[in-house]
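Here is the structure we will look at.
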Amino acid sequence: MLREGLRRWAADYEDYRSQRRVDAGHSMHVLLHEGLPTALRDLTPDAARFKFEGSDGQGMITAVPWVAVFHKQITLSAKTGYYIVWLLPEDRRSVILELGLGATQFADLYGENKKALEAAARAGSKVLSFADPMARGIFSTDLQSRLARGEVAPLGPGYEHKAYGKAAVLSVAYPVDDLPR
């Protein structure tokens, strides 16, 4: 279900986005809030320790939707802490799996500005110094070779989409024609 759900998300999201306003009854909204979180829950050992959530925006449909897995002892939202997240960049050519930091926590401290983006990048770099050695010990050689370490290019036009890229710790971009199983 995960692979098919990711494929459908990448293929059909732009049509949904053309509506401009979030529609809780639309199949894409349901996929993001129920289908993909359920698929991830079903793949996760000891899933009760985690919260699974997707977002297509609040009011207006976002250019860069996401589906996240939050460890309940670390964070319960995409605003703070760190978590695993699937992101659909605005170009829709790939789906990114990222260990990232909640970008909102930096904007809350500094405002939506360059200082906040720099703080997110510094924090991501610090977390990378701990996460990278662990990743080397648990990920296959193939996955390690595909990992981007640290910042990624902005995923969309808004401040928050730049912040997602700055707050990246580890990520892998899967082209939509080569999604994981």
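Derivation of every value follows stated rules applied to the coordinates shown; laboratory data play no part. On a predicted model such as this, the values are computed, not experimentally measured, just so you know. We place every Cβ from the backbone using ideal geometry, glycine too, and count neighbours over all the protein chains shown.
Each other residue within a Cβ distance under 14 Å of residue 12 adds +1 if Lys or Arg and -1 if Asp or Glu, for a net charge of -1. When the Cα positions of 22, 95, 47 are compared along the charge dipole of the chain, 47 comes out farthest toward the positive end, with charges on each C-beta of Lys, Arg, Asp and Glu.
By the beta-carbon count within 10 Å of each Cβ, the least crowded to most crowded order of 86, 9, fewest first, is 86, 9. In this structure, the amide hydrogen of residue 94, modeled 1.01 Å from its nitrogen in the peptide plane, lies closer than 5 angstrom to those of 176, counting only residues at least 5 positions away or on a different chain. Scanning residues 5 or more positions from residue 64 or on other chains, none has an amide H under 5 Å from its amide H, with H placed 1.01 Å from N in the peptide plane. Annotation: the chain has a Kirkwood hydrodynamic radius of 16.6 angstrom, from the mean reciprocal C-alpha pair distance. Mean-square fluctuations from a GNM of the chain, with a 10 angstrom spring cutoff on Cα atoms, peak among 110, 83, 164 at 110. Each residue in 46, 177 was given a count of other beta-carbon atoms within 10 angstrom of its own, and listing them fewest first yields 46, 177. Taking a span of 30 Å or more along the helix axis (Cα atoms) and a mean Kyte-Doolittle hydropathy of at least -0.5 as the rule, the DSSP H helices of the chain that qualify are 114-138. Within region 22-39, list the residues whose amide N lies under 19 Å from a label point set 7 Å along Cα→Cβ of residue 4. Within reach of a label on residue 4: 27-39.
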